[in-house]
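Worksheet: the structure to be examined is printed underneath.
The values are calculated or read from the model by the stated rules, or taken from the named source; none is laboratory data. Note that this is a predicted model, so its numbers are computed, not measured. Please note: Cβ atoms are built from the backbone with ideal geometry, for glycine as well, and neighbour counts cover all protein chains shown. Protein only, heavy atoms only, side chains kept; ligands, DNA and RNA dropped before computing areas. Shrake-Rupley method; radii C 1.70, N 1.55, O 1.52, S 1.80 Å.
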Amino acid sequence: MADGIRIRTLLSPGVPRGLRAEMFKHQQDLDAVAQDLQAARDMVEAGLVDWVGLDIKALPEHYGQVVGRANAATKAWDSLEVLIEAAGRGGPDFEVRTTVVPGDVTADDAVEVARRVHAAGARVYALQQARSEGTSGEFDVVAPGWDGMCERMAERIEALGWDRFTYRPA
């Protein structure tokens, strides 16, 4: 998923055909993946988005280690700012989520990521335990005691006081 921004668009008859075509250039299934922060901002500001799922994979200082791309942290965390600003003006509903993998920096960062996301103003959050389905299989998604560790992370994250918190175990 390109930079972790998933957008469900409103494809009403009022959306100009050219704009629909542009939106579909970025689409994978019916959730468009915005590869360009400005394009995502434009769609949000134009009222063409009714829901966004934003993956914040790690703390900014560890992001490159997780995704293997320069500037990915900036795009993800800047996207969070865009969504929070838009929410203040009646913008789309959004969920921020973090997927954790055993023995990975994502697990080390998860609670602090959630703290920073909450402090920034997000109010809906999900902690997702990595699953083996749909992955390359290049990393382990199970480890001794991992389920319990994830449950404890979820408890700590939920205690931050979200409007809605979801824990998605594997």
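Observations
- Whole-percent carbon and sulfur share, accessible surface of region 58-170, 1.4 Å: 46 percent
- Summed side-chain charge close to Arg168 - residues other than Arg168 whose Cβ falls under 10 Å, Lys, Arg +1, Asp, Glu -1: +2
- Amide proton proximity set for Ala126, modelled H, under 5 Å, gap of 5+: Val96, Arg97, Thr98, Thr166
- When Arg89, Arg97, Arg156, Arg69 are compared by accessible surface with a 1.4 Å probe, the order from highest to lowest is Arg89, Arg156, Arg69, Arg97.
- Inter-label distance, Asp50 to Arg89: 2.1 nm, where each label sits 7 Å from its Cα along the C-beta direction.
- Rough spin-label spacing in nm, given labels placed 7 Å along Cα→Cβ, for Met149 and Arg164: 3.0 nm
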